[in-house]
């Protein structure tokens, strides 16, 4: 006869000294955890609710400019730096950690319209309506003068005067060139006082320009003739052009999939295109109720941020039709420029009310160093939320966002308009001979034509 | 690369036999952690979804494999067991023999406590098995720490105590007394008097929902939420007085056994029982649930114990000639039945799903003791017996789960861990709506009600099969004269025709035929009536 019974001595299962950690034992047997699905669902619900409770995305309003912020630039080589230019010609360098102005770059007579930093982070290029392009040496903060006073001003290292006012500027990735948008597209070199190349397709002025992060000689522009054009500098002529129904205010390339670009359109939507196939948008991102003014991609390439004339900032997934998040405050006016920080943790918006605002990119994220236990908890919450996101209650909580009254009303009006149009189209189609009424998909509807 | 993979294959082929055995064992264990079969990927049409689901399935498989390996190699304790050699039977081994074989620590768990005046005793263990609460019929309530066998508190309430039950942890317990049910704290202070439910006969606590379920003397079932004191539901069972009540730990459904021989199952969100099962011709005297929720044991006054499969609501086994006043399932699935002064423990000897419950151990107490309540102590190989002369504890090897999980129930819990656990329990408290017969339905899709129409090809194929089957039937030889070949062929033809007729394709043909008749009729009509004929 062999007998064995469970016998636990207290010493084996408890700690020896008071400094020791309590011993933890696991048994993953499902029969020990009855109703685990219901419990998981409850946890998902709790996680979704907690997310909404902790959603406090607004970090700081950085005050200092005397006029609306027109453009911003982030320093690719220095995480804390953000440059902002205002309508009165003032340029400031902000330190995001201390949320203060590090120094000012005075000199522009009219509004500053474009700011960009070279890839090595040493040269700041600005341009404005005073027909000048100015190059500045970016001051390197050393450890000694950490507490530099905000009234540090810097002289430009070069001032190039040109024939026309400028609307935007962007620097090539890893190269010496930068491009300005104005009456035409000009390609400049740091050391030359005149553009090395001027490109034009049609007579309309160029509004924005962005270099491709993957292919340094490729750039995309948008112009006031409602066009989006892709240029290849090696060919000295435009490669592709499409004309849309409304003007595109800004363009951003996806840094992780550099063949894709997203255009911020005047009609309140953003359009993601494959750069090789412009006749159809890959995705239409709808949610803004007024013109989208600026767009910037997260360095992860999975999300982008948009700023709009409707006084809100939204974050979209790169392949989703609707925004994940809307940021707004009572005091924030029309947003002219937005940037995603280089570590994808923060977003920065510049608006008409002379403030640069700092937000968290994930509204309920816990900042700072997390304990491994906290980290695990956040991961668990995220995964159960993802698992039960289709259940009605979880979905309702996750989707709920508070929007300001004017936007809420405008959304209602737009929805009513779209619904009535859809109804009308459906009826027209139903009462016409089959095949005569062709429904153009939304991805193609706003594109007028493609020009080669 | 190729060479490498070939090497791998060769390596796998020449696994030593014991490793192969381990592989088989691990695979059997994996099944438990997979929690059901995989999704049928072939039926998915959406490519994107297919890849997503496939990757998830891969992930589930991996985690199940890891869990199986952990169970095989890393768990600190192996379960208890009783093995005999030769012709010796396990049920001939009595407690004295066992106590001689086991270690000193375990042999201390075998004892009788004689309290002759205040019995018969009801008992309940806390979820971790660390604490026990005893309720004597004559008003004696005691709270004990079972690990160091210490009395924490005892009180005398000076009225009838019908049942006792622990609430969410060892800090609170409830007692059903003469007029009302009361909640007591660990130090014996009365915390609440639950007047609303009347004279309660049985009390059970639903751990995940933090509900206290009770049935009173007039057959009313009450659910009360103990976090905010609200009475969630109260139903009249309409089947008279009962004191048989048990909670299915798998889904939180409450079962009541009635004097008419039925067992009814209830949830707090429905006025009518979910299930009414006619189990016995006479009164039901006890009900118990297997921890996996698929088995239910009932005993009737007609001296029968029955085991039911709750997935098909069918009887699995009947044990005749044995009346059980009280039944209890252990964590590992042993079934204890007690009557008079005799305890019988049955075990599932088959180990698979056939549920062959056979005799495992017997225990006879002193003649004249009347057993009131049996309950296996969680995470221990111990059976607690409350009887008319006090209470006893006997050793049943292989009854308890050898490895506890600190996050589920920890017998060595510190006060700080207990407090933290309390908060987590409140956060994870399930709403009463989650009580349902199949709790895995939460988060699942409801299958579409509409039956899919079989396609034409499928109908054709089925028809072919049916015709073939009809043709291949061998006809029996009939008596002389009736066995003519012509009759046989006629009969066969008839059968084939019958087989054809059962398929809906014929209806379709008929419809077509009807229309044609109409059309033909139009052609045959006189010209004056032609304008009434159906136009093409």
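The values are calculated or read from the model by the stated rules, or taken from the named source; none is laboratory data. Just so it is clear, the structure is predicted and the values come from calculations on it, not from any experiment. With ideal geometry, Cβ positions are generated from the backbone for all residues, glycine too; neighbour counts draw on all protein chains shown.
Residue B:16 passes every criterion in (1) modelled with pLDDT of 85 or more; (2) farther than 27 Å from residue B:440 by Cβ apart from (1). Of all the criteria given as (1) within 12 Å of chain A (Cβ to nearest Cβ); (2) buried (at least 18 other Cβ atoms within 10 Å of the Cβ); (3) free of Cβ contacts under 8 Å to residues at least 40 places away in the same chain; (4) outside any loop (DSSP other than H, G, I, E, B), the one not satisfied by residue B:346 is (1).
Let's see how each residue does on (1) out of contact with any helix residue (DSSP H, G or I) (no Cβ under 8 Å at 6 or more places or on another chain); (2) more than 14 Å from chain B (Cβ to nearest Cβ); (3) within 30 Å of residue A:331 (Cα to Cα):
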| site | (1), (2), (3) |
| --- | --- |
| A:365 | yes, yes, yes |
| A:368 | yes, yes, yes |
| A:374 | yes, yes, no |
| A:382 | no, yes, no |
| A:391 | no, no, no |
| A:394 | no, no, no |
| A:402 | yes, yes, yes |
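The residues in the range A:26-55 that are over 26 Å from residue B:247 (Cα atoms) and at the interface with another protein chain (Cβ under 7 Å from one of its Cβ atoms) can be counted, and the count is 1. Being away from chain A (no Cβ under 14 Å), in contact (Cβ under 8 Å) with a residue 24 or more places away in the chain and more than 20 Å from residue B:288 (Cα to Cα) is a property that residue B:390 has. Within the range B:250-287, the residues that satisfy the criterion of being in a loop (DSSP other than H, G, I, E, B) and within 18 Å of the chain's Cα centre (by Cα) are B:250, B:251, B:252, B:253, B:267, B:273, B:274, B:279.
A quick yes/no check of all residues on (1) outside any loop (DSSP other than H, G, I, E, B); (2) touching a residue at least 24 places away in the same chain (Cβ under 8 Å); (3) surrounded by fewer than 17 Cβ atoms within 10 Å (Cβ to Cβ); (4) more than 8 Å from every other protein chain (Cβ to nearest Cβ):
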residue: B:72; (1), (2), (3), (4): yes, yes, yes, yes
residue: B:79; (1), (2), (3), (4): no, yes, no, no
residue: B:86; (1), (2), (3), (4): no, no, yes, yes
residue: B:106; (1), (2), (3), (4): yes, yes, no, no
residue: B:116; (1), (2), (3), (4): no, yes, yes, yes
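The set of residues in the range B:402-426 being within 26 Å of the chain's Cα centre (by Cα) and within 7 Å of chain A (Cβ to nearest Cβ) consists of B:402, B:403, B:404, B:405, B:406, B:408. Among the candidates A:8, A:15, A:23, the residue that is surrounded by 15 or more Cβ atoms within 10 Å (Cβ to Cβ), within 13 Å of another protein chain (Cβ to nearest Cβ), without any contact (Cβ under 8 Å) to a residue 40 or more places away in the chain and closer than 30 Å to residue B:381 by Cα is uniquely A:8. Is the range A:188-204 home to any residue that is buried (at least 22 other Cβ atoms within 10 Å of the Cβ) and within 26 Å of the chain's Cα centre (by Cα)? Looking for residues that are buried (at least 22 other Cβ atoms within 10 Å of the Cβ) and within 26 Å of the chain's Cα centre (by Cα), one finds none in the range A:188-204, hence no.
Listed conditions (1) exposed (fewer than 13 other Cβ atoms within 10 Å of the Cβ); (2) more than 21 Å from residue A:40 (Cα to Cα); (3) modelled with pLDDT of 95 or more are all met by residue A:379, apart from (2).
Of all the listed residues (B:432, B:397), the sole one being in contact with a strand residue (DSSP E or B) (Cβ under 6 Å, 6 or more places away or on another chain), surrounded by fewer than 21 Cβ atoms within 10 Å (Cβ to Cβ) and within 12 Å of chain A (Cβ to nearest Cβ) is B:432.
Here's the yes/no breakdown for (1) farther than 30 Å from residue B:420 by Cβ; (2) assigned by TED's automatic domain parsing to the domain that holds residue A:171:
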position: A:2; (1), (2): yes, no
position: A:37; (1), (2): no, no
position: A:68; (1), (2): yes, yes
position: A:72; (1), (2): yes, yes
position: A:115; (1), (2): yes, yes
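Scanning the range A:409-452 for residues that are surrounded by 11 or more Cβ atoms within 10 Å (Cβ to Cβ) and over 34 Å from the mean Cα position of the chain (by Cα) returns A:425, A:426, A:428, A:429, A:437. Among the residues examined, residue A:357 does not qualify as touching a strand residue (DSSP E or B) at 6+ places or on another chain (Cβ under 8 Å), assigned to a helix (DSSP H, G or I), touching a residue at least 24 places away in the same chain (Cβ under 8 Å) and surrounded by 15 or more Cβ atoms within 10 Å (Cβ to Cβ).
For the range A:62-69, the count of residues that are modelled with pLDDT of 90 or more and either within 14 Å of another protein chain (Cβ to nearest Cβ) or closer than 30 Å to residue B:436 by Cα (or both) is zero. Specify the residue that is surrounded by the most Cβ atoms within 10 Å (Cβ to Cβ); the eligible residues are those in the range A:122-155 that are modelled with pLDDT of 90 or more and part of a loop (DSSP other than H, G, I, E, B). This residue is A:138. Considering the range A:218-254, the residues that are free of Cβ contacts under 8 Å to residues at least 40 places away in the same chain and part of a loop (DSSP other than H, G, I, E, B) include one that is nearest to residue A:173 (Cα to Cα), namely A:234.
Yes or no, residue by residue, for (1) surrounded by fewer than 20 Cβ atoms within 10 Å (Cβ to Cβ); (2) more than 30 Å from residue B:32 (Cβ to Cβ); (3) in the same structural domain as residue B:198 (by TED's automatic domain parsing):
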| position | (1), (2), (3) |
| --- | --- |
| B:252 | no, no, yes |
| B:257 | no, yes, yes |
| B:263 | no, no, yes |
| B:274 | yes, no, yes |
| B:280 | no, yes, yes |
| B:292 | yes, no, yes |
| B:316 | yes, no, yes |
| B:324 | no, no, yes |
